[in-house]
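Trainee: Please find one structure pasted underneath; my questions will follow.
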Amino acid sequence: MTTPAAPSGPRASFGERLIAAIIDGVVVGLATGILGRIGILGSIVGFVVSYGYYVYLEGSPSGQTVGKRAMSIRVVGMQTGQTIGYAGAFIRVIGKIVSSIACLLGYFWMLWDPEKQTWHDKFANSVVVPVSSYPVSNWPG
């Protein structure tokens, strides 16, 4: 039996990612809650805005949502250490749905994964890293 490989670089902790997700949940929740009061059309727009929020910000050159910025972490490509782009961010958002299905198992996966990847990170071939190791030139980029 072989031992799993050590992480290839510094990674954001579960706690940092959790707090960032809570902050983002509040931001998105407020926006969708306000839009949802408009009616069915507002709910549809709220849905698009919520997913667009993650695709736009995580796909931008900074790779940071509001929560990730507050926690000084960012999403980068596993092999490149650079932005995952909008297509990669879209795949990552779809992966978040899958990560949620089995009692959030996909989110907890990072606790024992050698690269600290969640399922949605694996889908998009991304990792979440500290800004101190992977600086951001400007936000959102």
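Trainee: In the chain, if the dipole is taken from +1 on Lys/Arg beta carbons and -1 on Asp/Glu beta carbons about the Cα centre, which of 12, 81, 59 is farthest to the positive end?
Mentor: 59
Trainee: Tell me which DSSP H helices of the chain clear both cut-offs, 24 Å or more of axial length from alpha-carbon atoms and a mean Kyte-Doolittle hydropathy of at least 1.6. It would help to have the intermediate numbers written out before the result.
Mentor: Working: long enough: 14-36 (31 Å, 1.57); 40-59 (28 Å, 1.22); 85-101 (25 Å, 1.19).
Helices passing the filter in the chain: none found.
Trainee: Quick one: dipole size for the range 1-125, taken about the Cα centre, charges +1 on Lys/Arg Cβ and -1 on Asp/Glu Cβ, in debye to the nearest 20.
Mentor: That gives a dipole near 120 debye.
Trainee: Same structure, new question: Calculated from DSSP H runs of 4 or more alone, at -39500 (n - 2.57) each and per residue, what is the 222 nm mean residue ellipticity of the chain, nearest 500?
Mentor: Result for the chain, helices only: -16500 deg cm²/dmol.
Trainee: What is the sum of charges around residue 64, taking Lys and Arg as +1, Asp and Glu as -1, for the other residues whose C-beta is under 14 Å from the C-beta of residue 64?
Mentor: Every neighbour counted, the sum reads +2.
Trainee: I've got another one for you. Suppose a student asked you for the relative contact order of the range 1-128, using Cα pairs under 8 Å spaced at least 6 residues apart; what percent would you report?
Mentor: The normalised contact order for the range 1-128 reaches 25 percent.
Trainee: P(r) of the chain in 5 Å steps, Cα pairs, percent per bin?
Mentor: 2, 11, 18, 23, 21, 12, 7, 3, 2, 1, 0, 0
Trainee: Separate question: If you add up the charges near residue 30, with Lys and Arg at +1 and Asp and Glu at -1, over every other residue whose beta carbon is less than 15 angstrom from its beta carbon, what do you get?
Mentor: Result for the local shell: 0.
Quick note: the coordinates plus some simple rules give every number you see, no bench work behind them. On a predicted model such as this, the values are computed, not experimentally measured, just so you know. Using ideal geometry, Cβ is built from the backbone for each residue, glycine included, and neighbour counts are taken over all protein chains shown.
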